[in-house]
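Visitor: Quick one: the structure is below, and I'll ask about it shortly.
The values are calculated or read from the model by the stated rules, or taken from the named source; none is laboratory data. A quick note: this is a predicted structure, and the numbers were derived from the prediction, not measured. So basically every Cβ, Gly included, is an ideal-geometry build from the backbone, and we count neighbours across all protein chains shown. Areas reflect the complete protein model, heavy atoms only, side chains present, ligands, DNA and RNA absent. Shrake-Rupley method; radii C 1.70, N 1.55, O 1.52, S 1.80 Å.
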Amino acid sequence: MSTRPFDPVAVAYYEVEGWKAYYDRNWLRLLWLVVALVQAQFRIPFPQSIRAAYHVTRASVAWVPKEHKPAEIQDHLREFYRLARRYSGLDFDVERAAELELDYWDVHRQLVRQADKTRFINTMTKLHAVVFSLPESVAQESAMLRVEANNVLDTITGKTSPNPEHDWKRCELLLVACYQSIRQHADAVQHQANLGL
């Protein structure tokens, strides 16, 4: 693995803004936010970043109805992860990453308003471990932060948040911490690899 560093603050910002666009069903805004996100996180250059964002946006649109076609969504996620692997310097199983991404979307939807998020944490742990070549034992930290961000998001979208503006900021801070954890652990794994450990 030879990762190209990414800025956790920028990635978290674009992701939260993307969540807002998704829940507003503002697909054009989502597309352009994902262009910026994939450039920041996976170093996908223009114009390939538009192609990557197109696949994420198409998958998101297809996901909205409860009666959807999982195979169609996974096809788009597979194409996105193929581009992410090509430009990021990461070396992961594209098919497995797409499968886990779809599992993440599914388990998040299933567990909204449920207290036990164990399945969600396990899915996110596997996704982070696969994409960033991390041991699951260390990927769990970022997964738990990501799930907590989703829990806060659910209070906003479920209209139970007492202060949505504050909670959007909380989502962003949790995602910053999530991506800082990934960067820190990925850098440590890379350093060990460079030392031949």
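Visitor: Just checking, which of Ala84, Ala129 is crowded, with 16+ Cβ neighbours inside 10 Å and touching a residue at least 40 places away in the same chain (Cβ under 8 Å)?
Guide: One residue alone meets the criteria, Ala84.
Visitor: For the range 51-67, which positions are open to solvent by less than 50 Å² (accessible area, probe 1.4 Å) and over 17 Å from Val94 (Cα atoms)?
Guide: Thr57, Ser60, Ala62, Trp63, Val64
Visitor: Next question, about the same structure. For the subset of the range 7-40 comprising residues that are of a type in the set (Val, Ile, Thr) and open to solvent by less than 20 Å² (accessible area, probe 1.4 Å), which member is farthest from the chain's Cα centre (by Cα)?
Guide: Residue satisfying both the conditions and the ranking: Val35.
Visitor: Under the condition of being under 22 Å from Glu67 (Cα atoms) and among the charged types (D, E, K, R), which residue from the range 81-118 is modelled with the lowest pLDDT?
Guide: Restricting to residues being under 22 Å from Glu67 (Cα atoms) and among the charged types (D, E, K, R), the top hit is Arg113.
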